[in-house]
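Colleague: One structure is given below, represented as structure tokens, and several questions about it will come after.
The values are calculated or read from the model by the stated rules, or taken from the named source; none is laboratory data. What you are looking at is a predicted structure, and each value in this text was computed from that prediction instead of being measured. Cβ coordinates were reconstructed from backbone atoms using ideal geometry, including for glycine residues, and neighbour counts include every protein chain displayed.
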Amino acid sequence: MKCDKCDKPAVVHEVVIRGGVKKELHLCADHAMQEGIAMPQQQPIDQLLTKFVTSKSNEKNPAEELSCDGCGLPFREFRKRGILGCPDCYEVFVEQLEPLISRAQNGACHHTGSIPSQAGASIDRQLIIRQLADELDSAVAAEQYERAAELRDQLDHLKLHGPELED
């Protein structure tokens, strides 16, 4: 694109909206200085890239030094390969993995799975039984015996009569 005031290449491009009217301004370096527009100092691209790469390589990331106790996989190796070595890696690298998993799963950090439509009621029933059993264990551990008896009765009813729970 050329300067609005001469045939030199434009290096400054501004868009100004005043009173709902849009006005574009394209100026060469000389005309930009005449208009009082400060020009950023220009550096060759190789100098900019060198500064960027050297500053990034000098920064030490403590996560890069982590390694899994179970399989010995260093986090920097996971970053290269994208594959964890063992189930323990999830626990060791939890802080580094959560943002990655969250981004990949649209904000979710925990896998909930999906239920096949043919097995929906059966799996729902199994989930309810598992939840009630966990609640029963917690109630017994907390010595809440009345609550534990209610949960036991609900479990027995569910196992005998199907997915409808008593109120």
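Colleague: Condition check: farther than 30 Å from Asp4 by Cβ, part of a loop (DSSP other than H, G, I, E, B), of a type outside the set (A, V, I, L, M, F, W, C) and at pLDDT 60 or above. Does Gly36 satisfy that?
Modeller: no
Colleague: Shifting gears a bit: For segment 6-32, name all the residues that are over 41 Å from the mean Cα position of the chain (by Cα) and either among the small types (Gly, Ala, Ser) or in a loop (DSSP other than H, G, I, E, B) (or both).
Modeller: Within segment 6-32, Cys6, Asp7, Lys8, Gly19, Cys28, Ala29, Ala32 qualify.
Colleague: Do any residues in segment 1-14 that are at pLDDT 90 or above have Cβ atoms under 9 Å from those of residues that are assigned to a loop (DSSP other than H, G, I, E, B) and among the charged types (D, E, K, R), where the two are at least six apart or on different chains, and which pairs are they?
Modeller: Partner pairs satisfying both residue conditions: Lys2/Lys8.
Colleague: For residues in segment 70-100 being of a type in the set (Val, Ile, Thr) and in a helix (DSSP H, G or I), which is surrounded by the most Cβ atoms within 10 Å (Cβ to Cβ)?
Modeller: Of everything passing the filter in segment 70-100, Val92 is surrounded by the most Cβ atoms within 10 Å (Cβ to Cβ).
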